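Reading through the C-alpha cells given below for one structure.
The values are calculated or read from the model by the stated rules, or taken from the named source; none is laboratory data. Everything quoted here is computed from the prediction, not taken from an experiment. Glycine gets a Cβ as well: all are built from the backbone with ideal geometry, and neighbour counts include every protein chain shown. Note: accessible area is taken over every heavy atom of the protein model, side chains too, but ligands, DNA and RNA are not part of it. Shrake-Rupley method; radii C 1.70, N 1.55, O 1.52, S 1.80 Å.
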Amino acid sequence: MSNQPFTFTLPFPGYKPSHFDHHIVRRLSDLQGQFFNQQAYDAMLSREDTVLYEVYEVKRPEIEGELLSGISIVHPGKVGDEFFMTKGHFHTVLDTAELYYCLNGEGFMVMETPEGDTAIEALAPGKVLYVPPRWAHRSVCTSRQEDLITFFIYPGNAGHNYGTIEEKGFRKLVLEQDGAIAFVDNPNFKEDK
Ligand code: F6R
Ligand code: ZN
C-alpha cells in the first residue's frame, strides 16, 4: 500500500467516496437475533432479505498510527416498530475512539459502555459526533424516506468486536410508538451473570 498522501471526494448526492477499497452490504439476515420483534423479523425475512445498510471503506494498514475512514449508509425502514440499524460493536481495542460526521438524513447513535452507561445522540446533516474510547456504537436511521449517511474515522488498530453485542444486545432500542420516536429499555438485554 502506498504511503503517499492521497485525496478522495464525497460527491453529492449519495456521498459514495470517489475512491474506496471495500463495499460492505448488510442485509436483514446478517442481523439475526438483533431486532426486538422476532416475529416481525421472520415475516419480513421470509418475503425478502432486505438490504439494511452499506459501508464504503477506505483501507489503510490496521495498525496504530493509521486512520481508517469511510461512509456508512443506513437505509430507511422498520422491522415491526424498530428502525433499521447497524449491527453495532465495541472496538476490539476498547480504548479507541471514533469520529462521525453526518452528511444526510435523520437518525441516532445508540451507545453504551461495558459498565452500563448509555447515551443516545441525534444525527443530522452537519453534526459531528465524537464516540469516546470504550463506547459501543450503533447507527439508527429514523427518517421515513432518506438514507442516514455518515462519514467515519477511527484508529487503524481499533478492530471490531461484534460478538458482545450479538450475544447481549444493546441496552436501549429506538422504536416508533404512536407516530413518535421512542427510546425504550431493551427487555431482551442480557446482563452478565
Ligand atoms: C467503524 C464503525 C463504522 C461501522 C459502520 C457499520 O468502527 O463504527 O464504520 O462499521 O457504521 O456498522 P457495523 O460495523 O456495526 O456493522
Ligand atoms: Zn466503530
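Looking across segment 126-144 at every residue that is closer than 23 Å to E176 by Cβ and of a type in the set (D, E, K, R), the one that is modelled with the lowest pLDDT is identified as R144. Before we move on, is S18 in contact with a Phe, Trp or Tyr (Cβ under 6 Å, 6 or more places away or on another chain) and surrounded by fewer than 16 Cβ atoms within 10 Å (Cβ to Cβ)? Considered against the rule, which asks whether it is in contact with a Phe, Trp or Tyr (Cβ under 6 Å, 6 or more places away or on another chain) and surrounded by fewer than 16 Cβ atoms within 10 Å (Cβ to Cβ), S18 comes out as yes. Among the listed residues V58, V79, which satisfies the condition of being touching a Leu at 6+ places or on another chain (Cβ under 8 Å), open to solvent by less than 20 Å² (accessible area, probe 1.4 Å) and within 16 Å of ligand 2 (Cβ to nearest atom)? That would be V58, the only listed residue that is touching a Leu at 6+ places or on another chain (Cβ under 8 Å), open to solvent by less than 20 Å² (accessible area, probe 1.4 Å) and within 16 Å of ligand 2 (Cβ to nearest atom).
The condition of being more than 13 Å from ligand 2 (Cβ to nearest atom), modelled with pLDDT of 95 or more and of a type outside the set (K, R) holds for L123. Within segment 68-82, the set of residues being assigned to a strand (DSSP E or B) and either within 15 Å of ligand 1 (Cβ to nearest atom) or of a type in the set (A, V, I, L, M) (or both) comprises L68, S69, G70, I71, S72, I73, V74, V79. Scanning segment 26-43 for residues that are open to solvent by less than 30 Å² (accessible area, probe 1.4 Å) and in a helix (DSSP H, G or I), we see that the one that is farthest from ligand 1 (Cβ to nearest atom) is A40. Look at (1) open to solvent by 40 Å² or more (accessible area, probe 1.4 Å); (2) part of a helix (DSSP H, G or I); (3) in contact (Cβ under 8 Å) with a residue 24 or more places away in the chain; (4) not β-branched (V, I, T) and you find that G65 fails only one, number (2). Screening T118, T164 for residues that are of a type outside the set (G, A, S) and closer than 15 Å to F183 by Cβ leaves exactly one candidate, T118. Restricted to segment 104-176, the set of strands (runs of 3 or more DSSP E) holding at least 3 residues that are open to solvent by less than 30 Å² (accessible area, probe 1.4 Å) comprises 107-112, 136-141, 148-155. Residue count for segment 44-55, restricted to those that are in contact (Cβ under 8 Å) with a residue 24 or more places away in the chain and buried (at least 16 other Cβ atoms within 10 Å of the Cβ): 5. Close contacts from segment 180-193, counting a first residue that is farther than 15 Å from F170 by Cβ and a second that is open to solvent by less than 100 Å² (accessible area, probe 1.4 Å), with Cβ to Cβ under 7 Å and a gap of 6+ residues or different chains, come to I181/T142; I181/V174. For segment 118-147, a tally of residues being touching a Ser or Thr at 6+ places or on another chain (Cβ under 6 Å) and either free of Cβ contacts under 8 Å to residues at least 12 places away in the same chain or within 22 Å of Q32 (Cβ to Cβ) (or both) returns 2.
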